[in-house]
Amino acid sequence: MQKIAAEFVAQLQPDSRAATVVTLQGDLGAGKTTFAQGVAHALGVEETVTSPTFVIEKIYQLENQRWQHLVHVDAYRLKSEHELEVLGWSELLAERGNLVVLEWPERVAEALPDTAIRITLTGSGDTREISYGEKEGGK
C-alpha cells in the first residue's frame, strides 16, 4: 500500500490555484492511514505518521518538495462541514503549497473542492482494491 501511495504522489502535480486535495474513503481497516503514511514517507516526512483521529489534523513541513506542507486530516469524528471551518479549512484550501490528504471525506463532503482527487480503498488483510476518480458533489 505504501509503495502504491509513493507511486501515486510521484505522479501528482500541485494545483496552481489552490491546495491539492486527495480524499481517502474506505471502511475501517481498508488502508487509508497506511496510504497516507506512504504519501508522507515519499515526501520525506521522517516523523511517525499516525491517523490524526483525535487531533483531527496534523501538518507536516516539507523540504525540497513540490508542496510546502502535507496536511493530514481525519474527519471520522466530525459531524459536519462546519467543524472543518473551525480548523481553518478555508485557509488551508487557499494555500497552493498545501497537499491535503483527508480520510473519511463522506463526513464533510460539502466542504470539499470540486478539484479533489478521490481514492476509494476496499478490502482487508493482504487484499486491497484501490480506485481513483474525481470528486462527486462539493463546492
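None of the figures in this text is laboratory data; all of them are computed from the coordinates on show. Computed from a predicted structure; not experimentally measured. Here the Cβ positions follow ideal geometry from the backbone for every residue, glycine too, while neighbour counts run over all protein chains shown.
Things to note:
- Charged-residue dipole, Cβ positions (Lys, Arg, Asp, Glu), region 45-116 about Cα centre, Debye nearest 20: 60 debye
- Point-to-point label distance, Tyr76-Ile4, nm (Cα→Cβ direction, 7 Å offset): 1.9 nm
- Column: log10 I(q)/I(0), Debye, Cα scatterers of the chain, q = 0.09, 0.12, 0.14, 0.17 Å⁻¹: -0.23, -0.41, -0.57, -0.88
- Note on Val55 and His41: their simple-model spin labels are 2.0 nm apart, each label 7 Å out from Cα toward Cβ.
- Computed magnitude of the charge dipole of the chain (debye, nearest 20; Cβ of K, R +1, Cβ of D, E -1): 120 debye
- Label zone at Thr115, where the point sits 7 Å out along the Cα-to-Cβ direction: region 69-85 residues whose backbone N lies under 18 Å: 69-72
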